[in-house]
Number of protein chains: 2
Amino acid sequence: MTSLAMIEAAAQRIDGRARRTPLLSSPFLDEIAGRRVFVKAECLQHTGSFKFRGGWSALSGLDQAVRQRGVIAFSSGNHAQGVALAAKLFGVPCVIVMPSDAPKLKIDNTRAYGAEVVLYDRARDDRDAIGAALSAERGLTLIKPFDEPLVIAGQGTVGLEIAEQAAEEGIASGSVLVPCGGGGLTSGVALALEAKAPGLVVQPCEPEEFDDTARSLEAGEIRRNARLSGSLCDAIITPQPGDITFPILKRLCGPGFAVSEDEVMQAMALAFTRLKVVIEPGGAVALAAALFRREGLSGDAVIAIASGGNADSAIFRAALERFL
Amino acid sequence: MTSLAMIEAAAQRIDGRARRTPLLSSPFLDEIAGRRVFVKAECLQHTGSFKFRGGWSALSGLDQAVRQRGVIAFSSGNHAQGVALAAKLFGVPCVIVMPSDAPKLKIDNTRAYGAEVVLYDRARDDRDAIGAALSAERGLTLIKPFDEPLVIAGQGTVGLEIAEQAAEEGIASGSVLVPCGGGGLTSGVALALEAKAPGLVVQPCEPEEFDDTARSLEAGEIRRNARLSGSLCDAIITPQPGDITFPILKRLCGPGFAVSEDEVMQAMALAFTRLKVVIEPGGAVALAAALFRREGLSGDAVIAIASGGNADSAIFRAALERFL
């Protein structure tokens with residue numbers, strides 16, 4: 001179980017490795033939202049998302065002998081790149097198991113970070129069997145994307161930074177909106193803020209029709225998404241909250257928000273023109289909620305995490321064309 | 001004449017007002033450049049460019065009684081917004097004199113920062129006469145865009161930050177590439193680095209056909225541009241280096257670089273995909289030189305300032321479409 005002490009230990013291990021990302025703002029966004037809006041720009045993190053923190057935390061938390069044998073992860077996206085870069089910096093083997101229909105750019109990027117990419121056919125192959133065989137054969141340690149205490153501790157370092165930055169900005173109370181897939185970032189941030197900035201309430205944000213976490217929080221027990229594909233916000237689509245993350249979310253989070261794809265694209269366009277940062281669709285759900293769900297927020301300030309910036313160029317262009 | 005003491009005094013006045021912008025990097029850019037590349041992301045500064053530093057430095061350096069009467073500036077771009085926001089934060093009147101054919105978005109933004117915008121007709125009106133009449137009538141102080149010691153001192157605070165950040169990254173020698181218009185940023189950064197990081201050499205960067213500073217440095221005396229319009233990099237087009245800035249550039253800078261518009265657009269696209277920041281064309285000339293002028297650079301690291309992010313949406317989309 002992830003504790004504040006684990007998050008603080010992860011912060012020490014990560015110091016000088018992860019970027020302390022800035023808290024950005026613009027009076028133009030404040031006006032849209034009707035309150036002060038701050039964006040924690042994790043899109044500027046190494047590999048373009050917060051996932052590097054969890055990857056580094058997990059690898060640096062392994063026993064050296066275990067780490068030396070290498071790591072393995074299942075991911076077609078940001079987790080793959082975060083783990084791959086962490087492994088590269090440690091100089092240990094890294095295998096990423098990806099579907100063969102993953103975008104070529106993501107496969108190339110993961111390889112460029114030094115990982116061995118093993119492709120599988122979604123229709124024919126058993127991903128878990130492939131991973132288990134490789135792990136057994138080579139002694140690789142599986143790095144799970146969110147239901148892993150060391151990963152949650154790494155993502156929680158975002159929360160420690162938010163607590164410090166909120167104090168610098170004079171924000172004593174308000175909501176911290178977090179793009180939520182399996183809940184690793186959301187639960188880590190919630191644990192950090194519980195201890196360091198108890199006036200800040202974490203609220204998870206998801207795309208409409210994929211709001212398993214919001215519905216689970218409302219029900220008080222885990223609910224699944226009806227489907228798992230077809231969202232613009234592919235980076236944060238998971239079947240349901242994690243077994244480890246959900247109890248943390250249930251204990252600490254306020255109600256979740258669900259935003260539309262139009263709102264996500266408009267938030268991406270506004271981040272382009274007002275903040276000068278690139279946010280991917282899944283990373284923009286929290287900013288969208290900050291801007292367009294004002295009636296659901298209280299307090300005079302809101303902090304939205306922009307969790308990633310690995311946006312597809314065509315989708316980004318479409319967002320600019322439609323909303324600017 | 002701007003001195004290190006003036007830059008350090010400006011840094012004290014600006015502390016907590018300007019953002020300490022991050023130094024970003026990506027292994028993918030290092031590979032293109034053949035050396036380590038760092039980008040000083042002033043596009044993330046308030047108002048989307050480094051100009052807020054000069055504006056704040058100038059206003060905060062005025063006697064209070066003078067400042068209270070208000071300020072005036074001529075600008076259709078980043079200087080206008082930088083001065084307007086500084087005046088708004090001080091709560092003093094601000095008049096920006098802009099051509100009536102300036103983009104509506106820039107006029108709207110300048111007004112949104114609280115400035116009174118006075119429009120003039122480029123063909124019929126005498127801009128300087130309009131400004132002089134307003135200044136005399138209301139007692140406004142003119143804030144020049146670059147040939148003003150307090151403005152140079154403010155821009156020089158970028159150089160102080162670069163010196164600190166370069167030391168953190170272990171960069172003892174190399175080039176600092178600076179997008180150069182009138183030379184306010186370039187001269188301020190060069191003065192700061194002369195004292196704080198003497199192993200770093202400043203080299204100004206400009207668009208091809210508008211490389212007045214590079215040609216002036218080569219000639220040892222001020223040279224003019226043949227024309228003043230028709231560049232994608234409108235934010236950094238000036239007739240010639242300033243009377244105050246040029247002697248500083250001549251004393252401290254290495255040779256200048258001129259880059260093509262294609263190289264600028266490619267640098268913008270690479271900043272989108274590898275750094276997740278938005279850079280406007282004029283702000284991307286230094287990154288373009290860092291990536292595509294490797295033979296003109298020495299040392300194992302280069303630092304490029306991304307001076308602004310107020311990119312036109314259509315131009316940005318075109319850059320992504322062509323180069324990604």
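The values are calculated or read from the model by the stated rules, or taken from the named source; none is laboratory data. Remember, it's a predicted structure, so these values are computed and weren't measured experimentally. Glycine also receives a Cβ, built like all others from the backbone with ideal geometry; neighbour counts cover every protein chain displayed.
Per-structure values
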{"read-out": "Selected residue (criterion: nearest to the other protein chains (Cβ to nearest Cβ)) from residues of region A:254-292 that are surrounded by fewer than 24 Cβ atoms within 10 Å (Cβ to Cβ) and farther than 23 Å from residue A:312 by Cα", "value": "A:292"}
{"read-out": "Condition met for residue B:33 (small (Gly, Ala, Ser) and either within 20 Å of the chain's Cα centre (by Cα) or crowded, with 24+ Cβ neighbours inside 10 Å (or both))", "value": "no"}
{"read-out": "Residue, nearest to residue A:186 (Cα to Cα), within region A:30-45, restricted to residues that are more than 10 Å from chain B (Cβ to nearest Cβ) and not in a helix (DSSP H, G or I)", "value": "A:40"}
{"read-out": "Test result for residue A:166, buried (at least 18 other Cβ atoms within 10 Å of the Cβ), outside the structural domain of residue A:311 (by TED's automatic domain parsing) and assigned to a helix (DSSP H, G or I)", "value": "no"}
{"read-out": "Selection status of residue B:7, more than 14 Å from chain A (Cβ to nearest Cβ) and either under 30 Å from residue B:289 (Cβ atoms) or of a type in the set (Ser, Thr, Tyr) (or both)", "value": "yes"}
{"read-out": "Residue that is farthest from the other protein chains (Cβ to nearest Cβ), among those in region A:106-124 that are in contact (Cβ under 8 Å) with a residue 12 or more places away in the chain and part of a loop (DSSP other than H, G, I, E, B)", "value": "A:121"}
{"read-out": "Top-ranked residue in region B:194-233 [being hydroxyl-bearing (Ser, Thr, Tyr) and out of contact with any strand residue (DSSP E or B) (no Cβ under 6 Å at 6 or more places or on another chain); ranked as surrounded by the fewest Cβ atoms within 10 Å (Cβ to Cβ)]", "value": "B:229"}
{"read-out": "Residue match in region B:57-65 (condition: within 25 Å of residue A:41 (Cβ to Cβ) and away from every other protein chain (no Cβ under 14 Å))", "value": "no"}
{"read-out": "Residue match in region B:225-241 (condition: modelled with pLDDT of 95 or more and within 13 Å of residue B:257 (Cβ to Cβ))", "value": "no"}
{"read-out": "Single residue of A:91, A:48, A:54 found to be more than 14 Å from every other protein chain (Cβ to nearest Cβ) and in contact (Cβ under 8 Å) with a residue 60 or more places away in the chain", "value": "A:54"}
